1. Can you report the number of residues in region B:1-48 which are within 12 Å of chain A (Cβ to nearest Cβ) and either at pLDDT 80 or above or under 19 Å from B:GLN85 (Cα atoms) (or both)?
2. Any residue at all in region A:178-200 that's without any contact (Cβ under 8 Å) to a residue 12 or more places away in the chain and polar (S, T, N, Q)?
3. Out of curiosity, is B:PHE99 at negative phi, in contact (Cβ under 8 Å) with a residue 12 or more places away in the chain and open to solvent by 20 Å² or more (accessible area, probe 1.4 Å)?
4. Does A:ARG162 satisfy the criteria of being without any contact (Cβ under 8 Å) to a residue 40 or more places away in the chain and either on the phi < 0 side of the Ramachandran plot or open to solvent by 40 Å² or more (accessible area, probe 1.4 Å) (or both)?
5. Could you tell me which of the residues B:GLY93, B:GLY83, B:GLY111, B:GLY115 is open to solvent by less than 10 Å² (accessible area, probe 1.4 Å), in contact with a Gly (Cβ under 7 Å, 6 or more places away or on another chain) and under 30 Å from A:GLN156 (Cα atoms)?
6. Among residues belonging to region A:95-136 that are open to solvent by 10 Å² or more (accessible area, probe 1.4 Å) and in contact (Cβ under 8 Å) with a residue 60 or more places away in the chain, point out the one that is farthest from the chain's Cα centre (by Cα).
7. Name, by its number, the condition in (1) under 13 Å from the mean Cα position of the chain (by Cα); (2) within 11 Å of chain A (Cβ to nearest Cβ); (3) not aromatic (Phe, Trp, Tyr) that does not hold for B:SER72.
8. Output the residues belonging to region A:271-329 that are surrounded by fewer than 16 Cβ atoms within 10 Å (Cβ to Cβ), among the hydrophobic types (A, V, I, L, M, F, W, C) and in a strand (DSSP E or B).
Amino acid sequence: MSDPRSALAPAVETRGLRRTFRASRGGAEVLALDGVDVRIERGEIFGLLGPNGAGKTTLIKILSTLLYPTVGSARVAGHDVVLEAVEVRRRIALVSGGETSGYGILTVRECLWMFSQFYGVPSQIAWPRVDELIRIVDLEEQAHTRINRLSTGQRQRMNFARGFVSDPEVMFLDEPTLGMDVNAARSLRAYVLHWVREKPGRTVLLTTHYMAEAEELCDRVAIIDRGRVLACDSAPALRRQVQGGQHVELEIRTPDGAGAVLPGLGDIPAAWGAPHPERGTRTLKFRLPPDRVLLPVLRRLEEQGLLVEGVSTRETTLEDVFIAVVGRGLDEPEASG
Amino acid sequence: MSRGLPASLVLDLRAIRARAFVRIVGSVREPAWIVSDAVFPAVGMCAYVLLYRALGAPRSYETLAVLGGIMSTYWINVLWGMGAQLYWEKQQGQLQLYFAAPCSRMAILTGMALGGLIMTSSRTLVAIAVGFGLLGVRVQAFDPALLVLVFLLTMAALYMLGMLLSSLFLLFGREAWHLCNSLQEPVYFLSGLYFPIRALGALGATAAGIIPLGLGLDAVRQVLLGAAARGLLPVRTEALILGAFIVVFFVLARMALTYLEGLSKREGRLTQRWQ
């Protein structure tokens with residue numbers, strides 16, 4: 001950790017990173033990463049935003065030495081993830097949301113201590129740190145409870161704490177708040193911010209589905225889709241890229257209810273928002289370019305048998321950026337063909 | 001723990017202690033497991049002792065059966081607690097955490113083995129109490145140092161084999177369960193758990209050559225029963241072969257684990273519970 005080469009190097013640097021998988025023996029190759037170039041500086045919280053299958057987890061697995069890249073190189077804290085895997089592992093931790101860890105027979109406290117030992121943390125440092133993390137993830141009452149008696153949410157919080165017991169230089173958080181209740185997710189996000197700011201050089205690479213999480217936490221965000229980084233900048237800078245025109249949300253009653261096929265709006269990319277089953281409607285989101293007016297768009301929808309029940313406009317969000325860059329919403333399935 | 005030792009060794013020693021801790025804690029925290037881990041194997045052992053007694057067999061046969069019953073507990077632990085362990089770890093989503101940690105994978109496996117050995121030894125107290133206490137089975141005067149040496153060599157060879165099996169079983173994925181089952185009874189038979197291994201003739205000698213359980217058991221029996229054990233090879237020779245087993249299984253386990261990790265990184269499979 002006192003290695004000067006490591007201290008001066010960026011937290012993460014990838015060059016032309018490409019990864020393919022073979023779906024089954026003799027099956028077709030699936031491209032998970034397609035020439036990813038990313039540089040993450042020390043002290044940054046860097047977000048990877050993308051739909052399922054975009055390549056976020058593959059990238060994190062390569063960076064955490066769990067996968068080899070097919071082509072290209074990746075360095076973490078100045079060390080090559082293939083050639084210097086042990087050096088990389090000494091400096092990183094990985095937390096995947098929705099996953100649980102540990103052995104049911106152990107208590108929360110024992111389990112966190114156990115993981116600290118796999119990173120060589122001396123016990124006199126590990127135990128106070130474990131107790132502090134237990135307090136942070138609000139598991140004080142369960143500290144001496146066996147893991148197999150915890151609720152799913154409690155186990156998720158323990159898993160989150162597990163990532164921090166080794167006090168890594170670079171933390172990989174893969175959808176860390178997935179499935180967590182709102183309050184727990186909020187306090188964990190606050191802790192991530194605090195953790196990074198507390199000591200210079202600590203870095204977080206966060207993958208998330210939640211736009212608000214990326215907006216709140218990340219110094220910079222990379223939008224990734226089909227294995228390619230399509231945009232990378234701070235959230236305000238990304239928003240500026242797609243400013244101009246109006247962000248329109250239409251509440252639409254579809255003939256066959258929510259979940260209908262995305263309507264065609266000509267050259268304007270649109271995405272479905274949340275359905276409103278109680279009203280039998282669904283929100284359609286798009287950015288109306290400055291040289292266009294809304295009325296022809298509404299007529300076009302009418303021609304497709306869609307009834308517009310409400311219209312609203314608003315400020316540019318990261319989600320708008322995502323739609324503009326990717327061409328569909330985060331939860332929108334890719335169009336086939 | 002760290003004074004004067006290389007950092008990587010300290011890291012591995014901490015990992016070994018932590019992984020062993022799980023099993024040691026487990027052995028005292030779930031007393032009900034004693035029934036399945038210790039009492040049931042002891043029941044099988046009792047059946048053989050009573051059978052020999054009913055048939056009027058030499059008393060040494062009863063001791064053979066008791067020692068076989070004790071050793072069978074370790075074999076069960078090696079198979080299910082070591083062989084199948086990495087597969088269970090994968091199913092729990094834990095394997096990738098081990099693979100992403102800086103400690104060596106052999107340290108994790110060594111911790112499992114050490115913890116399993118300590119846990120199982122606490123279980124064998126039941127078989128010892130039943131065999132030597134309840135059933136009144138006796139041994140002759142013996143050299144305790146030699147007994148400890150032979151026992152430790154046998155355990156080291158057995159658990160090294162378990163470390164090798166854990167990597168191999170992971171490769172077979174969902175077949176691990178069946179592999180454990182298919183190895184349990186045949187190894188019991190070929191190791192001569194409840195009868196002198198010499199009774200198997202050439203087959204027994206061959207089996208002893210490849211299964212450390214049979215060889216170790218034969219050596220322990222010879223230490224405790226002398227000529228009445230009808231041993232296969234001199235104890236000294238058996239100890240040397242067990243020592244060779246330790247080295248061979250250690251090297252093979254390390255190679256298998258390295259291969260497994262490489263495969264996992266190339267194919268992206270083994271660390272995912274759904275693959």
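1. Of the residues in region B:1-48, 27 are within 12 Å of chain A (Cβ to nearest Cβ) and either at pLDDT 80 or above or under 19 Å from B:GLN85 (Cα atoms) (or both).
2. yes
3. For B:PHE99, the condition - at negative phi, in contact (Cβ under 8 Å) with a residue 12 or more places away in the chain and open to solvent by 20 Å² or more (accessible area, probe 1.4 Å) - is not met.
4. When the stated conditions are applied, A:ARG162 does not pass them.
5. Step by step, each of B:GLY93, B:GLY83, B:GLY111, B:GLY115 is checked, and only B:GLY83 is open to solvent by less than 10 Å² (accessible area, probe 1.4 Å), in contact with a Gly (Cβ under 7 Å, 6 or more places away or on another chain) and under 30 Å from A:GLN156 (Cα atoms).
6. Per the stated criteria, the residue is A:GLU99.
7. Single failed check for B:SER72: (2).
8. Correct list: A:ALA274, A:LEU307, A:VAL311.
The values are calculated or read from the model by the stated rules, or taken from the named source; none is laboratory data. In this text the structure is predicted, and so the values were computed from the model without any measurement. Cβ sites come from the backbone with ideal geometry, for glycine too, and all protein chains shown count toward neighbours. These accessible areas exclude ligands, DNA and RNA; they are computed on the full protein's heavy atoms, side chains included. Shrake-Rupley method; radii C 1.70, N 1.55, O 1.52, S 1.80 Å.
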